[in-house]
Amino acid sequence: MRLVVCLKAVPASTEVAMDPVTHTIVRDGGDAVWNPYDTAALEVALRLKDEARAAGQEGWVGVVSMGIPATASLLEDALSRGADEALLLSDRAFAGSDTIATCYALTLGIGRLCAEPDLILCGKMAVDGDTAQIGPMLAAALRLPVVTGATTVERHGAAVDVEQVFDGARRRLCMHGPGVVTVDKDAATLRMPSIEGVLAARRTSVPVATAADLGADLDRCGLAGSPTQVVSCFVPERASDAVAIEGTPAEQAATLAYLMGEVLA
């Protein structure tokens, strides 16, 4: 079973800077971590790999990420935890990519990493963007079926059973053939790296692919290929005023009704 996991580096802090010209997050590599939804997807892939190998079958996990050169160190961490190969897409031409341009670059990267993956996994969403668009867009671009928000992913022969929460209800779906699954962050907790894995990862040089290496159309990359932009970003102001309502339950109810009326008036 050949699995590809898409990983995204996100700021470790809630204090982020926005470029005043491009209106994109400034990514300088400082205090970056993997998106927690993506780490759940990676652990799901590693478990499927372990199960395949335990059954005497092929099990392989490749990880791909698009980001600045410093992202390579995070990919080494993924290798230390059990991923077999990694690929970093890094080029100034990719800077400022929205989800459309990001999806385009990732499809090229996935094709370079693994020509015919059995399953592509990514986090349900990224904590710095909250769009939840990349997984479905990858599926559409590659003409593959997609299941979103998976809480469990189990392999049964050539099929994959996926459980998801949809409209407040749990349901199970069966996917046959290659497909894309986006994973909820509570689906799995990423394992710790082994000593052997850490040493092996340190001896590995993560390959870096530029737009030219991928044969990418520059008109579809970065800001040039991004029809959407974030025009502003701000932290909402929150009031901390509170009113303590005292009295009997009837008096409290009457006071609450009055206050709600004042708010809605």
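The values are calculated or read from the model by the stated rules, or taken from the named source; none is laboratory data. It should be emphasised that the depicted structure is a prediction, and the values quoted were computed from it without experimental measurement. Cβ coordinates were reconstructed from backbone atoms using ideal geometry, including for glycine residues, and neighbour counts include every protein chain displayed.
Structure values in brief
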read-out: Selection status of residue 216, in contact with a Cys (Cβ under 6 Å, 6 or more places away or on another chain), in contact (Cβ under 8 Å) with a residue 40 or more places away in the chain and surrounded by 11 or more Cβ atoms within 10 Å (Cβ to Cβ); value: no
read-out: Any hit, segment 140-148, residues being closer than 17 Å to residue 181 by Cα, hydrophobic (A, V, I, L, M, F, W, C) and under 12 Å from the mean Cα position of the chain (by Cα); value: no
read-out: Residues of segment 233-247 that turn out to be surrounded by 10 or more Cβ atoms within 10 Å (Cβ to Cβ) and modelled with pLDDT of 75 or more, as a count; value: 2
read-out: The lone exception for residue 98 - which of (1) crowded, with 18+ Cβ neighbours inside 10 Å; (2) more than 30 Å from residue 158 (Cβ to Cβ); (3) within 17 Å of the chain's Cα centre (by Cα); (4) modelled with pLDDT of 95 or more it fails; value: (4)
read-out: Filter pass, residue 105 being buried (at least 23 other Cβ atoms within 10 Å of the Cβ), among the aliphatic types (A, V, I, L, M) and within 17 Å of the chain's Cα centre (by Cα); value: yes
read-out: Candidates 149, 177, 157, 123, filtered to the one that is over 19 Å from residue 86 (Cβ atoms) and surrounded by 14 or more Cβ atoms within 10 Å (Cβ to Cβ); value: 149
read-out: Residue count, segment 50-66 (criterion: in contact with a helix residue (DSSP H, G or I) (Cβ under 7 Å, 6 or more places away or on another chain) and assigned to a helix (DSSP H, G or I)); value: 0
read-out: Near pairs, Cβ below 9 angstrom, 6+ apart or cross-chain, from segment 30-42 (under 15 Å from residue 192 (Cα atoms)) to any residue that is surrounded by fewer than 24 Cβ atoms within 10 Å (Cβ to Cβ) and of a type in the set (Asp, Glu); value: 34/77; 40/184; 40/186
read-out: Residue that is farthest from residue 36 (Cα to Cα) [pool: residues in segment 182-205 that are among the hydroxyl-bearing types (Ser, Thr, Tyr) and either without any contact (Cβ under 8 Å) to a residue 24 or more places away in the chain or crowded, with 19+ Cβ neighbours inside 10 Å (or both)]; value: 205
read-out: Which numbered condition residue 261 fails, given (1) farther than 30 Å from residue 100 by Cα; (2) surrounded by 10 or more Cβ atoms within 10 Å (Cβ to Cβ); value: (2)
read-out: Residue in segment 46-57 that is closer than 22 Å to residue 190 by Cβ and in contact with a Cys (Cβ under 7 Å, 6 or more places away or on another chain) present; value: no
read-out: Residue tally, condition touching a helix residue (DSSP H, G or I) at 6+ places or on another chain (Cβ under 6 Å), of a type in the set (Val, Ile, Thr) and over 18 Å from residue 166 (Cα atoms), over segment 121-133; value: 0
read-out: Residue 171 vs. criteria at positive phi and either buried (at least 22 other Cβ atoms within 10 Å of the Cβ) or over 16 Å from the mean Cα position of the chain (by Cα) (or both); value: no
read-out: Segments classed as helices (runs of 4 or more DSSP H), wholly inside segment 67-181, with at least 1 members that are free of Cβ contacts under 8 Å to residues at least 24 places away in the same chain and farther than 17 Å from residue 8 by Cβ; value: 99-113, 134-142
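Residues are listed down the side, and each one gets a yes or a no for (1) within 20 Å of residue 65 (Cβ to Cβ); (2) under 22 Å from the mean Cα position of the chain (by Cα):
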site	(1), (2)
119	yes, yes
137	yes, yes
186	no, yes
224	no, no
228	no, yes
